[in-house]
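Have a look at the structure below before the remarks.
What follows is calculated from the coordinates using simple rules that are stated; it is not laboratory data. Small disclaimer: the values here were computed from a predicted structure and weren't measured. We place every Cβ from the backbone using ideal geometry, glycine too, and count neighbours over all the protein chains shown.
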Amino acid sequence: MWSSKKLCVSFYALASGAAVAAPLACPANVLDSGVRHVLNNAALYDGPPDRMVSLAPVPAGRVDRWDTKNTDPYLVCQYKDTVRTVTLHAKNVSMCTAGMKPFRAQCK
């Protein structure tokens with residue numbers, strides 16, 4: 001039988017782990033019909049992208065940044081010469097960035 005102390009420790013471990021998300025990053029490239037396409041842009045949405053609530057980034061030198069506090073962020077990765085995208089639901093992150101050379105986009 002579980003003691004209340006063990007239950008409390010287990011709950012704390014689960015709760016603290018749930019609030020920490022691993023960084024999410026756009027794949028550097030995707031295949032579309034056997035052709036490799038390189039990441040060249042990204043957009044961030046508050047909620048699913050089909051709701052069309054695009055968030056404006058804040059330029060910060062060589063990267064753009066988004067503060068994701070109080071949002072339900074979805075990072076949409078866009079690739080050169082294709083309409084194919086990759087969408088990442090970036091739960092429990094505090095910021096997303098996009099830019100640099102080669103182009104990268106991530107949330108952490």
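Miscellaneous remarks
- Remark: spin-label model distance Lys101-Ser33 equals 3.0 nm, labels positioned 7 Å along the Cα→Cβ axis.
- Whole-Hz Karplus values for region 83-89 come out as 8, 5, 10, 10, 10, 10, 7 Hz, taken residue by residue from phi with 6.51 cos²θ - 1.76 cosθ + 1.60 and θ = phi - 60°; glycine and proline positions read x.
- Nonlocal amide H pairs with Met95, under 5 Å, H built at 1.01 Å: Thr68, Lys108
- Fully extending the segment from Arg65 to Val86, taken as 0.36 nm per residue of separation minus the present Cα-Cα distance, adds 5.7 nm.
- Under Karplus coefficients 6.51, -1.76 and 1.60, residue-wise ³J(HN,Hα) of region 101-107 in Hz, glycine/proline x: 9, x, 4, 9, 9, 8, 10
- Across region 49-62, computed HN-Hα scalar couplings (Karplus, 6.51 cos²θ - 1.76 cosθ + 1.60, θ = phi - 60°) run x, 5, 7, 6, 9, 6, 9, 7, x, 9, x, 9, x, 8 Hz from first to last residue, x flagging Gly and Pro.
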